[in-house]
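Coordinate-derived values only; no laboratory data. The model shown is predicted, which means the values in this text are computed figures rather than measured ones. Cβ atoms come from the backbone with ideal geometry, glycine included; neighbour counts cover every protein chain shown.
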Amino acid sequence: MAQLTFREAVAAGIAQEMERDPLVYFIGEDVAAAGGVFKATVGLLERFGPERVRDTPISEQAIVGAAMGAAMTGLRPIVEIMFSDFLATCWDMVANQVAKTRYMTGGQVSLPLVIRTANGGGTRFGAQHSQSLENWAMAVPGLKVLAPSTPADAKGLLAAAIRDPDPVLFFEQKSLYGTAGEVPDGEHLEPLGTAVIRRPGRDCTIVALAAMVPKALTAADRLSGLDIDAGVVDVRSLVPLDTRTILGEVRKTGRLFTVEENPRLCGWGAEIASIAADECFDDLDGPIVRITTPHVPLPAADVLEDAAMPSVDRIVNTVKGAMR
Amino acid sequence: MSTRTTTPSGIDRSTRLRLYRLMVELRDFEQRAYELFLENLVRGTSHLALGQEAIAAAFGVAMREDDYTFCTYRGHGHTLARGASMAGAMAELLGRANGMMHGKGGSMHLTDVTHGAMGSYAIVGAHLPIAAGAAWSAQVRRSGQVSVCFFGDGTTNIGTFHEALNLAVVWRLPIVFVCENNQYMEYTPIRSVTAVEHPAADRASAYGLEPILVDGNDADVMYDTAVKAIGQARTGKGPSLVEALTYRHGGHSRADPARYRPEAEVREWLGRDPVQRYRERLLAAGIDEGALAPIDSEAQAKVDQATEEARQGPPAALEEIEAQVWADGGSTWRN
């Protein structure tokens, strides 16, 4: 086990797969010589050379489109879209081309590609560099969607995404890049479609994603001081979704809370709430409660951004209020 | 000993007969697709390339078997020109289970990967970067394959055109971009909404490329152009951008009567019909009627046979709805 930061773990995941498979290529804006604007790909150019690790022009449509054409014809490309907000400039490529082409061609085409992107708020960058957009991706049939919360998962899930035969959108929460944690040495893979129980609980289940997971865990610590035994489930894979693990916890506790960084409408928690209401209604002892950013673009000023995004205080107070 | 009949540029007789045969097949297929549409057997929409056959045929003949074709929703001809099954294409238009995509793509998305027909794309411009990606893959795999990307004049004003051209030149990719300038986007003349007279050729210099403006209704010219551009790509000399002037005989899609086009203009272009013109040229070059008439009847018979096979096909199977979202063949998104 080594202590790595989240950003180092991203580079380690890419390196592990580039080492193993010569058909893995990596392109994006400022990813090679500069090592990424978030320094999550430092050292890859030096290690794998300029043919396999390549800087592109600021051309998001060309980046994703080129990855698609390459994936259709034998490569396993990884691309970086610098900020997830920029996915809007190439959403045709993602949602119309990458996601649909296998289906429309009756399975003639495989698209083993990974789109990595820096996601979410907490950096005071304002509404065009801070959105949490995993629900956009989740709404499109044909895309797998991952959002890790720990360095170990950043490496293991990214490596598994690169090996996966289908297109994967891989959301790296910007506020997690500097966090550190234990990462297994040697080959490390985490399976897609698996949620992880980060903390078992007896009284309620808090389901969280990416940067909301450490907040939910801190909140659970504080709730235990208030005699509320809250469990935390890290969804980490939105598509495929591990409903078995999530609903298993909800059935035990009878209460479900979701903590989502995305704006309110159609967040991933709404789908989980719907499934829980449908499939374990009789196990529920109270309403399902979603804790989200309000339905607004994220503001820039620190006090505004902090107050808009779900905080530990808000999680504690909401759970406490609902459990009364 | 036989004497090879060649054009001034050196296209031999058998190649010219292949060009002619392919053009006639594409023409007959499109006419049949139109008839089946009027019979309400082709549902949805279809975009016919009647009048534009020389471009698809010339590249089809000039390409290597393992080269890649990327085309648009007006892509029946480009797909068939690679040797894709005509019955499979017709059945796809009819929404049958024996369609080349089992009825899941339809007229606008014909794809036959086994023949290098890597897809027909229905969002204007989307396939230019994708075609560049296939060229990138061929380049790094050192496969010697070339990617050929066909698109309409309207594409030259969308961002992907510029993003793909720039990337292709910067990375020196083995790709040929072919703009089929049929003068109209959908209903609006391209010249009325474009900053330059030749929407592709006049932009070539912005990417350090030679402007190539050719008669897209002349199969010999198109074949020479294709051979040269493909050869350049295959030998590592990078991309080309070809603008081929042409005209669609019909409207943009299905029942569009195309009344927005002046009659004199339509008459003039019908006089330059690539199929008729090529037939006359071959006759003038000493290829006798006895060599051409069987090609005409064989093409007709091939289309008849494809139509019959398509009509006999069962409707698309309902299991297909939830098939092939993922590489495991299914569409499961939860456990």
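The table below gives the values:
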read-out	value
At 1.306 mPa s and 10 °C, Stokes D of chain A from Kirkwood alpha-carbon radius, µm² per second	80 µm²/s
Inverse of mean 1/r across different Cα pairs in the stretch A:155-297, Kirkwood, Å	16.0 Å
Whole-Å semi-axes of the ellipsoid equivalent to the stretch B:132-205 (Cα gyration tensor, √5λ, descending)	27, 12, 9
Long-range Cα-Cα pairs in the stretch B:286-335 (distance over 13 Å), rounded percent	73 percent
Span per principal axis, largest first, for the Cα atoms of the stretch B:180-335 (Å)	61, 48, 43
Computed [θ] at 222 nm, deg cm²/dmol, chain A (DSSP H ≥ 4; -39,500 (n - 2.57); rounded to nearest 500)	-10500 deg cm²/dmol
Long-range amide H partners of A:Thr258 with built H, under 5 Å	A:Val207, A:Val289, A:Arg290, A:Ile291
Cβ-defined net charge surrounding A:Gly321, 13 Å radius [Lys, Arg +1; Asp, Glu -1]	+3
10 Å Cβ shell holding at most 14 others, DSSP loop, chymotrypsin sites (Phe, Trp or Tyr not before Pro): longest site-free stretch of chain B	B:1-186
Charge-dipole axis of the protein assembly as shown as Lys and Arg at +1 and Asp and Glu at -1 on Cβ define it, positive-most pick from B:Phe161, A:Gly186, A:Trp268	A:Gly186
Added length on full extension, which subtracts the Cα-Cα distance from 0.36 nm per residue, A:Asp283 to A:Asp227	18.0 nm
Karplus-derived 3J(HN,Hα), 6.51/-1.76/1.60, for each residue of the stretch B:73-84, Hz, glycine and proline x	4, 9, x, 4, x, 5, 6, 5, 5, 8, x, 5
Potential extension, B:Arg64-B:Glu289 segment - 0.36 nm per residue separation minus Cα distance	78.0 nm
P(r) histogram, all alpha-carbon pairs of the stretch B:1-136 included - 5 Å bins from 0, percent	2, 11, 18, 23, 18, 12, 8, 4, 3, 1, 0
Surrounding net charge for A:Ile162, when Lys and Arg each add one and Asp and Glu each subtract one, Cβ distance under 15 Å	-3
Electrostatic dipole magnitude of the stretch A:1-88 [Cβ: Lys, Arg +1; Asp, Glu -1; Cα centre; debye, to 20]	180 debye
The protein assembly as shown: radius of gyration over Cα atoms, expressed as a fraction of 2.2 N^0.38 Å	1.08
Cα lying deepest toward the dipole's positive end in the stretch B:189-335, options B:Thr307, B:Pro199, B:Pro262, charges on Cβ	B:Pro199
Environment charge of A:Val31, counting only residues whose C-beta is closer than 11 Å and scoring Lys/Arg +1, Asp/Glu -1	-1
Rg to Rh, two decimals, where the stretch A:2-183 supplies the alpha carbon set and Rh follows Kirkwood	0.94
Max mean-square fluctuation residue, GNM over chain A, Cα-Cα springs under 10 Å, options A:Leu23, A:Leu256, A:Leu238	A:Leu23
Relative contact order for chain B, counting Cα pairs under 8 Å that sit 6 or more residues apart, in percent	22 percent
The stretch A:196-323, dipole about Cα centre (Lys/Arg Cβ +1, Asp/Glu Cβ -1), debye to the nearest 20	140 debye
Sequence-distant lysines (8 or more away, or on other chains) whose Cα lies within less than 17 Å of A:Lys100	A:Lys144, B:Lys104
Residue among A:Asn96, A:Asn135, A:Asn119 with the largest mean-square fluctuation in a Gaussian network model of chain A, springs linking Cα atoms under 10 Å	A:Asn96
Karplus-derived HN-Hα couplings along the stretch A:290-300 (A = 6.51, B = -1.76, C = 1.60, θ = phi - 60°), whole Hz, x at Gly and Pro	9, 10, 9, 5, x, 7, 9, x, 6, x, 8
Computed helical MRE - 222 nm, chain B, DSSP H runs ≥ 4 contributing -39500 (n - 2.57), nearest 500	-13000 deg cm²/dmol
Computed magnitude of the charge dipole of the protein assembly as shown (debye, nearest 20; Cβ of K, R +1, Cβ of D, E -1)	400 debye
Karplus (6.51, -1.76, 1.60) ³J(HN,Hα), θ = phi - 60°, over the stretch B:208-223, in Hz, Gly and Pro reported as x	x, 9, 6, x, 10, 10, 9, 6, x, 9, 10, 5, 5, 4, 5, 5
Kirkwood Rh, angstrom, the stretch A:236-324 [1 / mean 1/r, Cα pairs]	14.1 Å
Qualifying lysines (Cα of each under 20 Å from Cα of B:Lys237; at least 8 residues distant if same chain)	B:Lys228
Scattering profile of the stretch B:14-320 at q = 0.07, 0.15 Å⁻¹ [log10 I(q)/I(0), Debye over alpha-carbon scatterers]	-0.25, -1.20
Among A:Gly248, A:Gly225, A:Gly65, residue whose mean-square fluctuation peaks in a GNM of chain A (springs only between Cα atoms under 10 Å)	A:Gly225
Among A:Gly201, A:Val303, A:Leu256 - extreme Cα towards positive end, dipole of the stretch A:196-323, charges at beta-carbon	A:Gly201
